[in-house]
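Note sheet for the following structure.
The values are calculated or read from the model by the stated rules, or taken from the named source; none is laboratory data. This structure is a prediction, so every number in the text was calculated from the model and none was measured. Cβ coordinates were reconstructed from backbone atoms using ideal geometry, including for glycine residues, and neighbour counts include every protein chain displayed. When the accessible area is computed, the model is the full protein with side chains, heavy atoms only, and any ligands, DNA or RNA have been set aside. Shrake-Rupley method; radii C 1.70, N 1.55, O 1.52, S 1.80 Å.
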Amino acid sequence: MAGAEIAARRAFVVGDPIDHSRSPDLHNAAFAAVGLPHTYGRIRANESEIGAVIETMRSERWLGLSVTMPNKAAVIEHLDRLTPQAERLGAVNCVFWDGDVLCGDNTDGAGLVWAIRDHLGVDVATRIGVLGAGGAARAAILALAEAGATHITVVNRTRDRAVAAAALAGDIGSVGEPEDLSDCDIVINATPQGMGDTGVVSLPPYVPGFGQLAYDLVYHPPLTPWMEAAGSLGGRPANGLSMLIGQAAVQFTRWTGVDAPTDAMIAAVG
Ligand code: NAP
C-alpha cells in the first residue's frame, strides 16, 4: 500500500523499581511484528518524579506511557482526563492521547478478561471468586462484572477492603469466606501469596479443585504453589502471564489503532 512513512515515536513504562519489567519485550516485539518503527523503553521514577515525566511526554509528544508501581494513583493529577474504568478504580496503568488531550486508562481488567475468555477460551459469564481486594483484584472485579459475570465473591484478609472491592461489581458482588468459593467456575488469586523469591510460601485460603479454573495473577514462578495444589485436586491452573500480555495488547491498540499481534507478544515472553 502506498502512503506516507510513519514517523518513529517513543513509548515507555515508568515505575520504581523498573529493571524487572517485561513490558519492553512485549511492546517492542509487537511494534516489530506489525512493521511500526516505534520504540519502547523503561524510565525509573517514583511518585515525586511522575509529574516531570508527564511534562516531558507532553513536550516530546511520546506515543504512550505504561504506568506501574508506585505511580498508578499519583499520575492521575497530572492528566487531563480519565476513562470511566480508571476513574472508578482510582488507578491508571496506561496514558494515551485523544487529540491533544492526555488521558489515563486502566487496562488490567480488560487484559484479564482477554486472558480468560479469549486466550484460555473460558466463559466469564459465570460465578467467579476473587482472592484479594487490592489494585489488581479491583480491576479484575470491575472488568469481569462488565464482561457479564453472574456473581463475584470477594475473599480478603481485610474485610473493609473486600467490601469496597465487591461494590465495584454492583448487585452481583458480595463478600465471602473461602468455603463460599466451592461453587465458582473461576477462582482468581489476586494476592501475592505464592510469589517466587520470597522464601516463604503461604497458599491463598482456597484451592480450586475439579472443574474450576485456578487463575493466578502471579506468574513468577510459572507454576505457582497455588496452581500446583489446584492441579493436584483436578482444577485447571493458569498463571498471570496471559493477563500481562492482555493488558499490554489493549495499551498497544490504544496507542496505535492497530490490533495487537498477541502471538508475537506471547512468543516474546513465553
Ligand atoms: P495490592 O494492591 O498490594 O493488594 C494485595 C492484596 O493481597 C490485598 O488484598 C492484600 O490483603 C492481599 N494480601 C497481601 N499479602 C497477603 C497475605 N500474606 N495473606 C493474605 N492476603 C494478602 O497488590 P496488587 O497490585 O493488587 O497485586 C496483587 C498481585 O497481583 C501481585 O502478586 C501482583 O504482582 C499481581 N499482578 C499481576 C498482574 C498481571 O498482569 N499478571 C497485574 C497486576 C498485579 P489486605 O487487603 O488484607 O492487605
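Where the convex hull is taken over the Cα atoms of region 206-260, what is its projected area averaged over directions, in nm²?
4.3 nm²
Would you kindly compute the Cα radius of gyration of the chain and its largest Cα-Cα separation (Dmax), both in Å?
18.6, 61
How long are the three semi-axes of the equivalent ellipsoid for region 159-270, computed from the Cα gyration tensor as the root of 5 times each eigenvalue, in whole Å, largest first?
26, 20, 14
Using a 1.4 angstrom probe on heavy atoms only, work out the carbon and sulfur share of the accessible area of region 1-155 in %.
Carbon with sulfur: 49 percent of the solvent-accessible area.
Give me the accessible area per residue for the chain, probe 1.4 Å, as a whole number in Å².
Value for the chain: 45 Å² per residue.
Among 91-99, 217-225, 32-40, how do they line up by average Cβ neighbours within 10 Å per residue, starting with the highest?
The densest-packed peptide leads the list: 91-99, 217-225, 32-40.
Ranking request for peptides 132-141, 260-269, 233-242: highest mean number of other beta-carbon atoms within 10 Å first, then the rest in descending order.
Going from most to least packed, we get 132-141, 233-242, 260-269.
Tell me the mean residue ellipticity at 222 nm calculated for the chain from its helices only (DSSP H runs of n ≥ 4, each -39500 (n - 2.57), averaged over every residue, nearest 500).
When only DSSP H runs of four or more count, the value is -9500 deg cm²/dmol.
Kirkwood Rh and Cα-based Rg: tell me the resulting Rg over Rh for region 8-55, rounded to two decimals.
Reported Rg/Rh (Cα atoms, Kirkwood Rh): 1.04.
Tell me whether region 79-172 comes out rounded, prolate or oblate; compute the Cα gyration tensor, take square roots of the eigenvalues as a ≥ b ≥ c, and use a/c under 1.5 as the rounded threshold.
Taking the square roots of the gyration eigenvalues as a ≥ b ≥ c, region 79-172 is oblate.
Under 1.5 on a/c is rounded, so check that first for region 4-87, then, if it is not, pick prolate when a/b is larger than b/c and oblate when it is not; a ≥ b ≥ c are the square roots of the alpha carbon gyration tensor eigenvalues.
Prolate shape, in that a/c is at least 1.5 and a/b is the bigger ratio.
Determine ³J(HN,Hα), in whole Hz, for all residues of region 143-152 in sequence, where each value follows from phi through the Karplus function 6.51 cos²θ - 1.76 cosθ + 1.60 and θ = phi - 60°; x replaces Gly and Pro.
The phi angles translate into 5, 5, 5, 5, 8, x, 3, 8, 7, 10 Hz.
Taking Cα centroids, how far is region 165-231 from region 1-74 in Å?
Centre-to-centre (Cα) distance: 31 Å.
State, as an integer percentage, the relative contact order of the chain based on alpha-carbon contacts under 8 Å between residues 6 or more apart.
For the chain, the relative contact order is 16 percent.
Starting from the Cα gyration tensor of region 105-228, take the square roots of the eigenvalues, sort them a ≥ b ≥ c, and report rounded, prolate or oblate (rounded when a/c is under 1.5, otherwise prolate if a/b is larger than b/c, else oblate).
Because its axes are fairly even, with a/c under 1.5, region 105-228 counts as rounded.
Connecting C-alpha atoms closer than 10 Å in a GNM of the chain, tell me which of Gly129, Gly257, Gly246 has the biggest fluctuation.
Of the options given, Gly257 has the highest mean-square fluctuation.
Measure of size requested: the Rg and Dmax of region 1-140, with Cα atoms as the atom set and Å as the unit; please supply both.
16.3, 52
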